[in-house]
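Have a look at the structure below before the remarks.
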Amino acid sequence: MKLKERGLKNVCAIDVDNYLHESIRNETLFYRLDVCQNFLPFEEGEVAGITALFLLEHLENPWFFVREVSRVLKRGGVFIVAVPHAHSLWSKCQFVRSGNVSGYREENNHITFLSTAVWKKLFKDFLLMESVLFAKPYCPYLMSMNTLLQKIPRRFYYLFSQQACFIFQRKLFLLFFSPFSNLRHICLARKTTL
């Protein structure tokens, strides 16, 4: 695994099935579990970083997973999430044309689409967004435009990119809404349910 090659220790993998290549299967700690309903196999505040690359769109319950990530991340720990960028100009054009957005079709297993507002709600109580990165843009409809798109400045990638990567940091204090009042509470202790 590239993370181990870069000097990171205690790297593990979690998935619903073991897709690890046989060459690294014996040297990587692997947990087979469903992150939509199973608790992550770590203590509170034990993990320095978590990556979820193109995972959230496959989950039936991303809310449970994000609460678990928040629970096991150290204060100030990093959570990196990559997803199909369904809010790009191309995705919006595709929605107008077909009623679907990029990356979400009958043929694939992407089942959770989060609007911008819902995306913010998913993370706001647990994690602070540090930065957003967009992959180099391309046009899936007009391939001849791709040479032009490669020349646009990075600050406009969000308009045309098909992939987005969000980098979050765990908050030092967890904030949550009580289901019984509209008051905002500060929770210093572990809070696994809202």
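So the values come out like this:
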| quantity | calculated |
| --- | --- |
| Residue within segment 9-26 that is acidic (Asp, Glu), part of a strand (DSSP E or B) and surrounded by 14 or more Cβ atoms within 10 Å (Cβ to Cβ) present | yes |
| Single match in LEU194, LEU159, LEU188 (criterion: open to solvent by 100 Å² or more (accessible area, probe 1.4 Å), at pLDDT below 85 and either more than 15 Å from LEU73 (Cβ to Cβ) or touching a Cys at 6+ places or on another chain (Cβ under 6 Å) (or both)) | LEU188 |
| Residue under evaluation PHE95, criteria (1) in a helix (DSSP H, G or I); (2) within 27 Å of LEU8 (Cα to Cα); (3) of a type in the set (Phe, Trp, Tyr); (4) more than 11 Å from the chain's Cα centre (by Cα), criterion not met | (2) |
| Subset of segment 103-156 [open to solvent by 50 Å² or more (accessible area, probe 1.4 Å), more than 14 Å from the chain's Cα centre (by Cα) and polar (S, T, N, Q)] | ASN109, SER144, THR147, GLN150 |
| Within segment 30-62, considering residues that are aromatic (Phe, Trp, Tyr) and over 11 Å from the mean Cα position of the chain (by Cα), the one surrounded by the most Cβ atoms within 10 Å (Cβ to Cβ) | PHE42 |
| Only one of GLU68, GLU44 that is of a type outside the set (Phe, Trp, Tyr) and not in a helix (DSSP H, G or I) | GLU44 |
| Selected residue [among the hydroxyl-bearing types (Ser, Thr, Tyr), farther than 30 Å from LYS171 by Cα and open to solvent by less than 60 Å² (accessible area, probe 1.4 Å)] from SER91, SER70 | SER91 |
| Which listed residue, of VAL101, VAL132, VAL83, is modelled with pLDDT of 85 or more, in contact with a helix residue (DSSP H, G or I) (Cβ under 7 Å, 6 or more places away or on another chain) and closer than 16 Å to GLN163 by Cα | VAL83 |
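The values are calculated or read from the model by the stated rules, or taken from the named source; none is laboratory data. All values derive from a computational prediction rather than experimental measurement. Backbone-built Cβ (ideal geometry, glycine too); neighbour counts: all protein chains shown. Please note that ligands, DNA and RNA were not included when accessible areas were found on the heavy atoms of the full protein model with its side chains. Shrake-Rupley method; radii C 1.70, N 1.55, O 1.52, S 1.80 Å.
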